[in-house]
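The values are calculated or read from the model by the stated rules, or taken from the named source; none is laboratory data. All values derive from a computational prediction rather than experimental measurement. All Cβ positions, even for glycine, are placed from backbone atoms using ideal geometry, and neighbour counts span all protein chains on display.
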């Protein structure tokens, strides 16, 4: 086939094609921050869960900042993915504001009437004993008081319909084979309904008592709570 014949059947230059036959590639890049903000926004909804509330707030904050960054980048460079950034920002804002509102209400309503909210570590473990090894004055003042505090259940053989259990201040004592100190545990005796074992954070309400007969053997608390309420905590703080 001659060169003239070949040229005669070759495709014409793009400039000579009719407008209806031209293909324009109008590509707009999507910044990585856009889909990342959407994923973080979805993950931020865990802020509504009691056990991971604080972590959820951190994820929601990161998601919202990432969404704003993505939005600005897309607008500045005429990119694509605005809907991803908008959705990520909306979800993150929902997790941040909605989660905060939920936990605020839960925190305000979880405390039973006439009970004092205590921090297990600050109010019990760190103030339990005087330098002489006896009960401190601050602990003695709690004897007979109605208290509300959070901690973890020490694992034992029975897991359902529990009438008594060992209550410890952190998951290291209960879940990783640790032996809690006498100041880091409380014996809980249920006075009404029974309770079931859970590995998550637990709230207990009842009357706090000194237990001087304790501490003579392994996992033998020197404190007791006669509990009227025990179950999964509504908030993580």
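Cβ-Cβ below 7 Å, separation at least six or inter-chain, first residue in the stretch 120-144 and touching a residue at least 40 places away in the same chain (Cβ under 8 Å), second part of a loop (DSSP other than H, G, I, E, B): which pairs?
These pairs meet every condition: 120/169; 121/169; 124/118; 125/169; 128/136; 129/136; 139/127; 139/128.
Just checking, which of 32, 54 is without any contact (Cβ under 8 Å) to a residue 24 or more places away in the chain and farther than 30 Å from residue 144 by Cα?
32
Condition (residue is part of a helix (DSSP H, G or I) and surrounded by 14 or more Cβ atoms within 10 Å (Cβ to Cβ)) applied to the stretch 161-173: is it met by at least one residue?
Yes.
Looking only at the stretch 117-133, filter to residues that are farther than 19 Å from residue 201 by Cβ and in contact with a strand residue (DSSP E or B) (Cβ under 8 Å, 6 or more places away or on another chain); which one of those is surrounded by the most Cβ atoms within 10 Å (Cβ to Cβ)?
Checked the stretch 117-133; the qualifying residue surrounded by the most Cβ atoms within 10 Å (Cβ to Cβ) is 128.
Quick check on my filter: what residues within the stretch 137-158 are in a loop (DSSP other than H, G, I, E, B) and out of contact with any strand residue (DSSP E or B) (no Cβ under 6 Å at 6 or more places or on another chain)?
141, 144, 155, 156, 157, 158
If the requirement is being at pLDDT 90 or above, within 21 Å of the chain's Cα centre (by Cα) and surrounded by 17 or more Cβ atoms within 10 Å (Cβ to Cβ), which of these qualifies: 142, 149?
Only one candidate passes the filter, namely 149.
What are the residue pairs meeting all of these: first residue in the stretch 201-225, first residue closer than 14 Å to residue 124 by Cα and outside the structural domain of residue 135 (by TED's automatic domain parsing), second residue modelled with pLDDT under 95 and part of a strand (DSSP E or B), Cβ atoms under 8 Å, and 6 or more apart or on different chains?
The qualifying pairs do not exist here.
Would you call residue 71 loosely packed, with under 13 Cβ neighbours inside 10 Å and over 27 Å from residue 199 (Cβ atoms)?
no
Would you point out which residue out of 125, 130 is under 14 Å from residue 186 (Cα atoms), in contact with a helix residue (DSSP H, G or I) (Cβ under 9 Å, 6 or more places away or on another chain) and modelled with pLDDT under 95?
Every option except 125 fails the conditions.
Could you tell me whether residue 137 is more than 20 Å from residue 112 (Cα to Cα), modelled with pLDDT of 85 or more and out of contact with any helix residue (DSSP H, G or I) (no Cβ under 7 Å at 6 or more places or on another chain)?
So residue 137 fits the description; yes.
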